Structure formats: C-alpha cells, structure tokens
Amino acid sequence: MRDTEKKDKNNRRGFPSKKKSGKSSGACPIAEQCGGCAYQHLSYEEQCACKEQQVKQLIGDICKVEPMMRMEHPYHYRNKVSAAFAHKRDNTIISGVYAQGTHKVIPVDECLIEDRKADQIICDIRGLLKSFKIKIYSEDSGYGLLRHVLIRRGFASGQILVVLVTVSPIFPSKNNFVKALRKLHPEITSIVLNVNDKDTSMVLGTRNIPIYGKGFIEDTLCGCVFRISPTSFYQINPVQTERIYQKAIELAGLTGEERVLDAYCGIGTIGLIASKKAKEVLGVELNPDAVRDARANAKRNNITNTTFFQGDAGEVMVQMAEQQESIDVVFMDPPRAGSDEAFLSSIVKLQPKKVVYISCNPQTLARDLEYLKKQGYRAKSVIPADMFPWSAHTEVICSLSRTK
Ligand code: SAH
C-alpha cells in the first residue's frame, strides 16, 4: 500500500474466521468500522479469485493475466503497524484505528494481518502512558503530546523500530520511558521521536529525533541488507515482496551489460538487488530520506555501480531523454496514482528494450499500459500478486517490450 501514511486511510485490521474452510464468518468485531479488510467475508481462495477477476476485467483486453501469486500463510504479514490514541469517557486511554472516514478511534489490541509483536508493543506503550503522565494529543483542543505510535519490524533481521509521533520535541522523562519500554521489550532496537506539529491527516512529520539506537532498522531482502528510516517507504509484506522482486528481475532478463533505471525506487531495493546482474543502475526517488537510505544501502552492500537521484521521476526522465541518455531496462514502481505523462512519454524517447512495471493499482496500470501500447510497448502478460490479503488491494507485475 502506498498511501498508508494518511491516517484515515490507514485502517486495515480484521479477523478472518477460524473455520476450516478459511471462510470468514465476519469474526472481527470492528471489521465494518475499520474497513481495512474489505474481503473478510470471503475465504482466502475466493478473495484471490475475485482479485484475479478484477485484474482480468481491467487488463484482460490488453494482455494475458496469469494466475495470482498467493500467500501460503496470509496472516500477520504487515511489518508496519500504526496506532492512534484517544481517551474514553471515563478517561482511560485506548489505542487502535480510526473508524473509516473519521478520526474516531476504535480500540484494537490485536489484528490478524499485523505483526503480533508490534501489536503487543503498542498495547504496552499505552499501559506506560499514565504513569509517565504523557498526554494524548487532542485534534480538537490542540492540547496533549502523543499523536501516534508506529512500529516497523524487520522480517528477516527481527530488528524493531518504535516511532513515537508527538507534537513537540520535548518528551518528559524520555530516558526513563525508553528504559521502561525496553524492559518490557528488550528486542526493540531503536526508538525515534517523530515531531508532527502540523494540522494534518498525515501520520508522520518530517523531523526524526533518535532517542534510543540508530534511528532506523535494517532488514534483508533477496540477499541485500536495507536500512529503513521512519519516513522512507518500505513494502509492508516482506514474504510477497521478495517473490515480486525476484519475478520482476527475472522478467527484466538482465545479462550484466545493461544500463538500468529504477524509477520510484524508495530506499533502492529493486535497483540494488538488480545491480548484481546489470552494468549500471540509476535510481530516482522523490523522498530525500529514502534517497539517503538508498545511498547508504549501496555502501552497506558494497555495491559500486549504482547512483541515486532525488527528484520527481517524470522530471528526471524528461531531462534524461533530452540528454539522450542510453537506458536498456526501466523498472518502475509508482505510487497508487500511477505514473504521469512526462514519465511515460520520456520512456518512449529513451527507447529502453524492456520496461518492468510493478503496480499497486491495476486501474492506473491499465491506463498506463494503454498509453504505452499506443507508443509501441507491448505487454505479453501481467502477474497479479496478493500483497495485501483480506484487503481489496492487488499488486501486479508486468513486463513490456519495445515492438517498433
Ligand atoms: N520501489 C520501491 C518504492 C515503491 S513505492 C520499493 O519497492 O520499496 C513508490 C515510491 O515512489 C515511494 O518511495 C515514493 O516516495 C516515491 N514517489 C512518489 N511520487 C514520486 C515522484 N513523482 N517521483 C519519484 N518518486 C516518487
């Protein structure tokens, strides 16, 4: 999911039933209010069939749709969990998710799609607030300190980052708070204060102050180690991510001679993994924190054939086309809104042999594939992948080749 940082779109908790068939009985008490698990009423197999069908409807006329890459264990896959806080009438503190389309907090202690440890840490942080006299921030009055808690857990590394989102950089008794939290969860490797003093729907602000550990976690994907800062994008389902990246790189058919562009590269994951099979990789990403991570990740993995640029992918592509750069393969993994015409028209000018498009929105993928088809890039097939089980979202991988 690419827009999970917006708090009122961040609802995603839900419980499938424990029936043998895997068919949900609507067991999650807050499924309707939360809205994250829109497919909770279907069995896992039914969901996948339904998502496949949607992709066929959108893209079936353009190219073949392969069977969906399913998850073997479609539970507790989310490596990033965030919680909002509020007071009940009796003044006790609750933590959980916003009811769909509102900022009313629904209490949640555990969720079958989220990392279990992350859920436990959130509950324990909630338990510490009163004794540390930490006040919950109220959007109405503007009073209070703590807005959200966000947890990130490295699937392979086990490292855990706790982000305390506050309106002020001053966190009373922060050292004792860190001590108390680490006593409960010694497995926490870093704690960061993220200051968000804006009147905004975004969960995170831009300023990060590490109060314990390095301020980021590391995780391993496809044999590369990645550093992930609080505000950088990182795929939320590591099991499926590895499979998707492997497929994308296989589809690119790299021989070691190619000049590759990784557009919308985040912390450089796809480009760095692909760099082992390419001559050179260029990465483009808008978020400066993610670009910093990408450069550090190249060093961390002793990779010397990559360069990362900070900027709008469309603008950078236009410049590259003007300078008549030579690019053999483009990986593109845009946010949900898809790519833009500046980017796509520059692909046509740069004339790479192959474009591997990874999309988290089949609708915008269909639009972009139509455009590229008219310009001489043909998709042979698309592979849907279930990156977000129980939700209505689908990830799709597609390789396009130049026909003209
Ligand atoms: N490929 C990466 C990131 C994919 S998410 C991965 O698999 O982890 C999409 C990324 O596009 C995010 O990191 C986001 O910050 C970035 N992004 C959004 N709009 C952009 C734009 N106009 N130009 C470049 N990058 C952009």
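The values are calculated or read from the model by the stated rules, or taken from the named source; none is laboratory data. Being a predicted model, the structure only gives us computed values, none of them experimental. With ideal geometry, Cβ positions are generated from the backbone for all residues, glycine too; neighbour counts draw on all protein chains shown. Each accessible area value is taken on the protein alone, full model and side chains, heavy atoms only, with ligands, DNA and RNA left out. Shrake-Rupley method; radii C 1.70, N 1.55, O 1.52, S 1.80 Å.
Starting from the amide H of LEU42, placed 1.01 Å from N in the peptide plane, find each other amide H under 5 Å away whose residue is 5 or more places distant or on another chain.
Under 5 Å from the amide H of LEU42 lie the amide H atoms of SER24, each far enough along the sequence or on another chain.
Measure nothing but the geometry: give the 0 to 90° angle between the long axis through the Cα atoms of 116-129 and the longest principal axis through the Cα atoms of the chain, rounded to 10°.
It is inclined by approximately 40 degrees.
Taking the 0 to 90 degree range and rounding to the nearest ten, how far is the long axis of helix 313-322 tilted relative to the main principal axis of the chain, both from C-alpha atoms?
Tilt of helix 313-322: around 30 degrees.
Please compute the modelled spin-label separation between SER141 and LYS88, points set 7 Å along Cα→Cβ, answer in nm with one decimal.
With each label placed 7 Å out from Cα toward Cβ, I get 1.9 nm.
For region 133-179 and region 324-380, what is the separation of their Cα centres, given in Å?
39 Å
What is the angle, in °, between the Cα long axis of helix 362-374 and the longest principal axis of the Cα atoms in the chain? Nearest 10 is fine, range 0 to 90.
Compared with the principal axis, the helix lies near 20 degrees.
If you put +1 on each Lys and Arg Cβ and -1 on each Asp and Glu Cβ, how big is the dipole of the chain around its Cα centre, in Debye rounded to 20?
880 debye
Scan around MET69 for amide H atoms under 5 Å from its own, H built in the peptide plane at 1.01 Å from N, and keep only partners 5 or more places away or cross-chain.
Long-range HN contacts for MET69: ALA385, ASP386.
Multiplying the sequence separation of LYS64 and THR403 by 0.36 nm and subtracting their Cα-Cα distance, what value in nm do you get?
120.3 nm
About its Cα centre, what dipole magnitude does region 86-134 give when the only charges are +1 on Lys and Arg Cβ and -1 on Asp and Glu Cβ, stated in debye to the nearest 20?
I would put it at about 300 debye.
Whole Å is fine, so just give me how far the alpha carbon centre of region 185-239 lies from that of region 241-289.
Computed from Cα coordinates, the inter-centre distance equals 22 Å.
Between SER345 and GLN100, what is the FRET efficiency for a Förster distance of 51 Å, r being their Cβ-Cβ separation, to the nearest 0.05?
It comes to 0.85.
On a full-extension model of 0.36 nm per residue, what is the gain between GLN53 and ALA392, subtracting their alpha-carbon distance, rounded to one decimal in nm?
120.8 nm
Rounded to the nearest 5, what is the percent of antiparallel bridges among the DSSP beta bridges in the chain?
Percentage antiparallel, nearest 5: 60.
Largest first, how would CYS50, CYS265 line up by accessible area (1.4 Å probe)?
I get CYS50, CYS265, largest accessible area first.
With the radius of gyration and the Kirkwood radius both derived from the Cα set of region 256-404, what is their ratio Rg to Rh?
0.95
When the label point is put 7 Å from the Cα of GLN363 along its Cα-to-beta-carbon vector, which residues of region 63-106 have a backbone N closer than 18 Å?
101
Show log10 I(q)/I(0) for the chain at q = 0.06, 0.08, 0.09, 0.14 Å⁻¹, two decimals, from a solvent-free Debye sum over equal Cα scatterers.
Per q value, in the given order, log10 I(q)/I(0) is -0.25, -0.44, -0.56, -1.26.
Take ILE211 and ASN302, extend 7 Å from each Cα along the Cα→Cβ direction, and tell me the distance between the two endpoints in nm.
3.9 nm
Multiply the residue separation of GLU325 and LYS353 by 0.36 nm, subtract the distance between their alpha-carbon atoms, and state the gained length in nm to one decimal.
8.7 nm
Just flag the GluC sites (Glu not before Pro) in region 70-131 sitting in loop per DSSP whose Cβ has no more than 11 other Cβ atoms within 10 Å.
GLU72
If eta is 1.002 mPa s and T is 20 °C, what Stokes-Einstein diffusion coefficient results for region 80-221, Kirkwood Rh from Cα pairs, in µm²/s?
Answer from the Stokes-Einstein relation: 140 µm²/s.
On average, how much area does the Cα convex hull of region 182-298 cover when viewed from any direction, in nm²?
So the Cα hull casts an average projection of 8.7 nm².
When DSSP assigns beta bridges and you keep just the ones with both residues in region 80-221, what percent turn out antiparallel, to the nearest 5?
75 percent
Please turn the phi angles of region 232-242 into ³J(HN,Hα) values with the Karplus equation 6.51 cos²θ - 1.76 cosθ + 1.60 (θ = phi - 60°), one per residue in order, whole Hz, x for glycine and proline.
Running phi through 6.51 cos²θ - 1.76 cosθ + 1.60 with θ = phi - 60° gives 7, 6, 8, 4, 8, 10, x, 5, 6, 4, 4 Hz.
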